[in-house]
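Throughout, read-outs are computed from the coordinates displayed, never taken from laboratory work. Only a predicted model underlies this, so the values are computations on that prediction, with no experimental measurement involved. Every residue, glycine among them, receives a Cβ derived from its backbone with ideal geometry; neighbour counts consider all protein chains shown.
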């Protein structure tokens with residue numbers, strides 16, 4: 001018995017415990033979970049310091065697997081079994097499944113993968129003749145790594161996996177090995193980051209998007225926000241107000257009331273009001289369809305988008321639209337509020353024209369008048385521009401500490 005234990009543990013000879021006692025301690029500890037296994041290993045190493053911890057963990061796994069029976073049993077195929085398998089594959093997919101059921105009924109100890117593997121060895125399984133078969137188990141080549149490094153961050157994981165003919169999990173793991181992230185960096189600018197960079201309010205970017213001065217990556221309305229609006233009960237009030245406005249306008253003009261579903265009349269009316277602002281935007285048709293679906297006017301739908309009651313699929317502002325904004329409506333950006341680096345970026349990269357779009361700038365003065373006033377917080381001493389001062393005062397940590 002001592003020789004068997006010595007061979008199992010290499011050249012080590014047990015001093016305090018026998019191999020059978022070591023196995024018993026490990027079995028008792030494994031029954032109490034991972035903490036019990038740790039306690040059993042520590043007890044053995046205390047009296048047998050020459051043993052390796054890795055050997056004891058390996059011994060625990062072997063003792064666990066031995067209680068489950070043999071991990072592999074050789075399947076013995078007879079002529080009748082192969083005949084059932086061949087006849088099933090000749091019929092088609094339904095015949096294959098019926099053959100598998102019959103063989104599993106004849107041999108309860110078998111598993112489906114054993115039958116499919118046997119079919120592949122007999123040449124019955126159809127070999128996939130794809131132009132680019134998957135190479136899950138092939139080693140990564142230098143060319144594959146070069147493709148990954150070039151596409152990482154610019155293409156989605158699914159697209160990269162198709163290009164290199166690998167699984168998404170394999171591509172993600174390989175990028176981690178190469179020190180790269182699989183996260184895609186989308187082009188464009190986030191609304192919050194752009195507002196902070198240009199010293200605009202939180203709602204300013206959203207108003208510019210609604211008026212068509214800025215375009216987003218995907219202006220469609222999400223179904224979740226539409227469902228939330230319907231459940232809130234606010235939609236019924238909006239529809240009632242819309243009907244009242246239509247009746248008042250029809251009474252004043254002496255015509256029949258029209259609804260947003262009236263096709264050409266609704267289209268022409270909205271085109272006159274918003275055509276100049278939304279002539280070149282993709283959002284025009286998408287928002288008009290939503291307004292028709294909700295039975296409200298396009299202007300009402302835009303107010304809901306401006307208040308973020310209706311959310312957009314991808315609200316990131318595209319770089320192209322922001323560059324056009326700087327060229328044609330540059331007067332809306334006040335360079336006095338910006339630092340030198342931001343000014344250089346707008347002038348050199350975005351082609352900023354400070355005198356462009358002065359007519360629109362006059363309309364926006366009422367929204368930007370508060371930004372001309374700078375106030376100082378009495379608690380922390382910070383100088384804050386515009387209405388952000390009042391939000392700061394409500395949550396200033398120095399003021400709260402002084403009141404205590």
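Would you mind giving the average projected area, over all directions, of the Cα convex hull of region 79-121 in nm² with one decimal?
Seen from a random direction, the Cα hull of region 79-121 projects 2.7 nm² on average.
Label points 7 Å out from Cα along the Cβ direction at residue 355 and residue 222: separation in nm?
Distance between label points: 4.4 nm.
What order do you get for 145, 80 when you list them from fewest to most C-beta neighbours inside 10 Å? Before the final figure, lay out the partial values.
Numbers: 145 16, 80 10.
So the ranking, lowest neighbour count to highest, is 80, 145.
Just to be sure I understand the model, the point goes 7 Å from the Cα along the line to the Cβ. What's the resulting residue 52 to residue 145 distance in nm?
About 2.9 nm, to one decimal.
Would you order 393, 350 from fewest to most other beta-carbon atoms within 10 Å of each residue's own beta-carbon?
Working: 393 14, 350 17.
Ranked by crowding around the Cβ, least crowded first: 393, 350.
Note the direction-averaged projected area, equal to a quarter of the hull surface, for the Cα convex hull of region 134-185, in nm².
Its Cα hull, projected and averaged over all orientations, spans 3.0 nm².
Based on other C-beta atoms within 10 Å, arrange 57, 287 from fewest to most.
57, 287
Starting with the highest mean, order 321-334, 90-103, 16-29 by the number of other Cβ atoms within 10 Å, averaged over the residues of each peptide.
Order by mean packing, descending: 321-334, 16-29, 90-103.
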